[in-house]
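Participant: Let me give you the structure first, and then I'll get to my questions.
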Amino acid sequence: MQIRDRYAPSPTGLQHIGGVRTALFNYLFAHSQEGAFVLRLEDTDRTRSDPAFVHNLYETCAWLGISWDEGPDIGGPYAPYIQSERLELYKRRARELIAADKAYYCFCSPERLETIRQEREASRSRETGYDRHCRSIPKAEAAARAASGEPCVIRLAIPLDKTTTFHDRLLGTIEWKNEDINPDPVLLKTDGFPTYHLANVVDDHHMGITHVLRAQEWLPSTPLHVILYASFGWTPPEFCHLPMVMGPDGKKLSKRHGATSIDELRRQGYVSEALVNYVALLGASYEEGKDFYTCAELAACFSLDKLNKAPAVFDYKKLAWYNASYIRMKTNEELARLALPFAVEAGIFGKTGQEPDAEQKRIFIEAMSLVKERATFLTDIPSKIAYLFSAPVLPDASEFFPKKADAHALSNAIELLTVGKNLVSRMAVMTEADAEAFIKAEAENAGVKPGDLLMPLRVAVTGARVSPPLFGSLRLLGAEASVLRVERALAKLTSDSV
Ligand code: GLU
Ligand code: ZN
């Protein structure tokens, strides 16, 4: 039997970590089994569904590299894959349940339902939900009323005094007393739209879904779904409710803990490999001691047996570590491509939004090897190398000499910088190793430590005491610009000293 699973989001919000985890696990499971992964849009909530969120779904999945074998955009044997385009099917199926006495028409007005709710509240009754009022209307009478156009919904007749049992691949056998299930939930609304329960079950059946991997938040709906499958006479798929994703405080992951929408994480400078890698480990354990997995490796080793029952804790620090690691693994070209939009936005090539010219682009690409080791997020990159594209604002003179300075510190710094000025144009054309040896020898000649010689040079060239590697920076700036920067710093220090 071919494995078929699905991601069935409702386009009522941005894609977030929880949703993407579900999508990814279904994708990986299908791939690990040579099965098919289906995308289905559950857009039956007409007030909350929004095409902008569908767009966000496609964008997010494309960015993460999650693709499907069948879906609204590419079609497939069970098209359409958008629930709002399948309404006739749900109506037909709901009516079949009525014919089989598994469901019934309910004519109660919203006012009546509200009155029951208030009465119960006043009498402190523990009963909740619908009072099954219309379940006893004779079938022929109900059919006639519905046929005459009286507004009505269709409700599922939950079998009374029974227990519903099902098997969850991760959680084992689950028993639910029917009296604890929402009394006779609505399947088809007055406007002819199905509720989530009906559409979800009908589609999973019609689309041949064999495995339902979904967030544990949906577990309370499952007994109801199991009753629906039984009412139709269908075999339910295998269920596997994925472990909850918690914040570090043990509460369900939410915006309070940090960014949860993928869009926002992307804007914060995360790379997709880091997210895929980290999210794939949320609630699953693969090889001991192995941290890095490509999507293909994950698909090869994914197995439901490797899922954990315990909730997963989302650790932003760990994610940041993955991000820094993946940034380091990128080639200069790859990293430059990813970091460029952030650099353009930060305006390091001129005004905000200005694209680099060809020469700036060349320098930008090469500069990636200077920052790779120092960036945790793509957003860290522009400010770290902005000095390569325009002369930095020079800091206070005291930044040019050691922290423990004496009365001669400024004149010393000027002296060192003057020595340095004559060296930079040569260092700018050397390899890193040659420049290193060269400065060592020159420092010795001048009777100073190499570090003392380099520190004011670094501040003059990059504008800061802590910066990407100096030799590499000189090479990218070229001899002429390097010398100009040192002269500029000397002018500042000299004017400060008078
Ligand atoms: N439409 C539901 C959601 O938004 C699907 C839940 C399920 O997978 O059954 O997550
Ligand atoms: Zn009713």
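Participant: Just report the Cα centroid separation between the stretch 428-497 and the stretch 278-342, whole Å.
Facilitator: 39
Participant: Antiparallel versus total DSSP beta bridges in the chain: what percent is that, nearest 5? Walk me through the intermediate numbers first.
Facilitator: Numbers: 17 of 32 bridges.
Given both bridge residues lie in the chain, the antiparallel proportion sits at roughly 55 percent.
Participant: Next question. Quick check on the exposure proxy: order 408, 257, 133 from fewest to most C-beta atoms within 10 angstrom.
Facilitator: Numbers: 408 10, 257 18, 133 14.
Result, fewest neighbours first: 408, 133, 257.
Participant: Then there's this: What Kirkwood Rh does the chain have if only Cα atoms enter the pairwise 1/r average? Answer in Å. Mind dumping the intermediate values first?
Facilitator: Numbers: mean 1/r = 0.0363 Å⁻¹.
27.6 Å is the Kirkwood radius here.
Participant: Translational diffusion coefficient of the stretch 335-472 at 10 °C, 1.306 mPa s, Stokes-Einstein with Kirkwood Rh over Cα pairs, in µm²/s as a whole number. Can you show the working numbers first?
Facilitator: Values: Rh = 16.2 Å.
Answer, rounded: 98 µm²/s.
Participant: Could you state the angle between the C-alpha long axis of helix 196-206 and the longest principal axis of the C-alpha atoms of the chain, as a value from 0 to 90 degrees rounded to the nearest 10?
Facilitator: 90
Participant: With no other cysteine's Cβ closer than 4.7 Å, which Cys residues of the chain count as lacking a disulfide-compatible partner?
Facilitator: Here 61, 108, 152, 240, 295, 301 come out as lacking a disulfide-compatible partner, given the Cβ-Cβ threshold of under 4.7 Å.
Participant: Something else about it: Which trypsin sites (Lys or Arg not before Pro) in the stretch 318-370 pass both tests, a DSSP loop state and at most 10 other beta-carbon atoms within 10 Å?
Facilitator: Working: sites: 318, 328, 330, 337, 351, 361, 362; in loops: 330, 351.
When the trypsin sites (Lys or Arg not before Pro) of the stretch 318-370 are filtered for loop state and at most 10 Cβ neighbours within 10 Å, 351 remain.
Participant: Shifting gears a bit: Assign unit charges at the C-beta atoms only (+1 for Lys and Arg, -1 for Asp and Glu), then state the dipole size of the stretch 325-379 relative to its Cα centre in Debye, rounded to the nearest 20. The partial results should precede the final answer.
Facilitator: Details: 8 positive and 8 negative charges, 37 e Å.
Here the size comes out at about 180 debye.
Participant: Something else now. Could you line up 388, 219 from fewest to most neighbouring Cβ atoms inside 10 Å? Intermediate results must be reported in sequence, preceding the final value.
Facilitator: Details: 388 22, 219 16.
With the fewest neighbours first, 388, 219 line up as 219, 388.
Participant: Tell me, what are the semi-axes, in whole angstrom and largest first, of the equivalent ellipsoid of the stretch 455-498 as set by the roots of 5 times the Cα gyration tensor eigenvalues? Let's see the in-between values first.
Facilitator: Values: eigenvalues 77, 31, 6 Å².
Output for the stretch 455-498: semi-axes of 20, 12, 5 Å.
Participant: A further question on this structure: For the stretch 233-276, what is Rg from Cα atoms divided by 2.2 N^0.38 Å, rounded to two decimals?
Facilitator: On the way: Rg = 15.8 Å, N = 44, 2.2 N^0.38 = 9.3 Å.
That ratio works out to 1.70.
Participant: A further question on this structure: With point charges of +1 on the Cβ of Lys and Arg and -1 on the Cβ of Asp and Glu, referenced to the Cα centre of the chain, which listed residue (349, 389, 239) lies farthest in the positive direction of the dipole?
Facilitator: 239
Participant: Given the stretch 212-326, report the % of alpha carbon pairs whose separation exceeds 24 Å. Could you put the intermediate results ahead of the total?
Facilitator: Working: 2425 of 6555 pairs.
Of the Cα pairs, 37 percent sit more than 24 Å apart.
Participant: What do you get for the angle between helix 51-64 and the principal long axis of the chain? Use alpha-carbon atoms, 0 to 90 degrees, nearest ten.
Facilitator: Compared with the principal axis, the helix lies near 50 degrees.
Participant: Please identify every one of the trypsin sites (Lys or Arg not before Pro) in the stretch 397-498 that sits in a loop by DSSP and has no more than 10 other beta carbons within 10 Å of its own beta carbon.
Facilitator: Details: sites: 403, 404, 421, 426, 440, 458, 465, 475, 485, 488, 492; in loops: 403, 404, 465.
Taking the stretch 397-498 and a limit of 10 other Cβ atoms within 10 Å, the loop trypsin sites (Lys or Arg not before Pro) found are 403, 404.
Participant: Using helices alone, what [θ] at 222 nm do you get for the chain, with -39,500 (n - 2.57) per DSSP H run of 4 or more residues, divided over all residues and rounded to the nearest 500?
Facilitator: Details: 19 runs with 231 residues, N = 498.
After summing the helix terms and dividing by residue count, I get -14500 deg cm²/dmol.
Participant: Tell me the angle of helix 222-232 to the major Cα principal axis of the chain, expressed in degrees between 0 and 90 and rounded to the nearest ten.
Facilitator: Helix 222-232 and the main axis of the chain meet at about 40 degrees.
Participant: Can you list the GluC sites (Glu not before Pro) in the stretch 204-299 that are in a DSSP coil and have 13 or fewer other beta carbons within 10 angstrom? Show your work: numbers first, answer last.
Facilitator: Values: sites: 217, 238, 264, 273, 287, 288, 297; in loops: 287, 288.
Filter output for the stretch 204-299: 287, 288.
Participant: Something else about it: When you have a sec, figure out the Kirkwood radius of the stretch 362-442 from all distinct Cα pair distances and drop it here in Å to one decimal?
Facilitator: Details: mean 1/r = 0.0650 Å⁻¹.
Answer for the stretch 362-442: a Kirkwood hydrodynamic radius of 15.4 Å.
Just so you know, all these numbers are worked out from the coordinates, no wet-lab data involved. Everything numeric in this text was worked out from a predicted model, so none of it was measured. No Cβ is skipped: glycine too gets one built from the backbone with ideal geometry, and neighbour counts run over all protein chains shown.
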